[in-house]
Amino acid sequence: MSALESANKIKAKFGDLVTEPTEFRGEITLKIADAEKICDVCLFAKKQLGFDFLVDISSVDNYGEDPRWTIVYHLRAIGNGDEIRLKTDVSEEKSELPSIIGVWRTANWHEREIYDMMGIRFAGHPDLRRILMWEGYPYHPLRKDFPLAGKSSEMPGVVFTKPAPLEGGPFVTLPSSADAISREPRVRNPEE
């Protein structure tokens, strides 16, 4: 069965809850209208259609739009290599959707990272805590409204209290014909 056939089976099973499959560059995407039903759709894709591997869960900040976030689930059927993408939207007011750890245990770290970086909560997650930032950090650094220069922390002694720029990141290097090492901010300002 092809990825498109699998997507059509999901559409047939869930009806208006799921959009018609779209194809872009050979990749099939379905949009789930109600984020509360994402577990049901994922469970069907795994048990009935053989999508036995959760490749990734990612989040998109649609800052300035409502709903604010799109959560994207990348699924693969190991047996035949087919892949589909499921998308669902989450509003800023709610900023929560069900955890899919009951379907794929590997969702654990993906959901924790989305919580840490975007602030989206996953109901039913057994250990929803920060994975990259320290506990108690009040911000979510991958939100589009988070400044590139960082924000001050009110937690002296934990890490730092002044804004921490993204040293070495793509937004702070200078355009030049020089190599990447000489454009690196710490090389330009070795006293920092």
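In the list GLY81, GLY136, GLY102, which residue meets the criterion of being at pLDDT below 85, in a loop (DSSP other than H, G, I, E, B) and surrounded by fewer than 16 Cβ atoms within 10 Å (Cβ to Cβ)?
Among GLY81, GLY136, GLY102, only GLY136 is at pLDDT below 85, in a loop (DSSP other than H, G, I, E, B) and surrounded by fewer than 16 Cβ atoms within 10 Å (Cβ to Cβ).
For the stretch 1-20, enumerate the residues that are touching a residue at least 24 places away in the same chain (Cβ under 8 Å), in contact with a Lys or Arg (Cβ under 9 Å, 6 or more places away or on another chain) and outside any helix (DSSP H, G or I).
MET1, the sole residue that qualifies.
Within the stretch 29-37, identify whether any single residue is buried (at least 20 other Cβ atoms within 10 Å of the Cβ), assigned to a strand (DSSP E or B) and in contact with a Pro (Cβ under 6 Å, 6 or more places away or on another chain), and answer yes or no.
yes
Could you check how many residues of the stretch 105-118 are surrounded by fewer than 20 Cβ atoms within 10 Å (Cβ to Cβ) and either part of a loop (DSSP other than H, G, I, E, B) or touching a Ser or Thr at 6+ places or on another chain (Cβ under 7 Å) (or both)?
The total comes to 2.
Which one of LEU43, LEU86, LEU4 is surrounded by 18 or more Cβ atoms within 10 Å (Cβ to Cβ) and either among the aliphatic types (A, V, I, L, M) or modelled with pLDDT of 95 or more (or both)?
Just one listed residue meets the conditions, LEU86.
Per-residue answers, yes or no, for (1) under 25 Å from GLY124 (Cβ atoms); (2) under 18 Å from the mean Cα position of the chain (by Cα); (3) not basic (Lys, Arg):
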residue	(1), (2), (3)
LYS13	yes, no, no
PRO21	no, no, yes
ASN62	yes, yes, yes
GLY79	no, no, yes
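The values are calculated or read from the model by the stated rules, or taken from the named source; none is laboratory data. What you see is a predicted model; the values in this text were computed from it and never measured. Cβ: placed from backbone, ideal geometry, glycine included. Neighbour counts: every protein chain shown.
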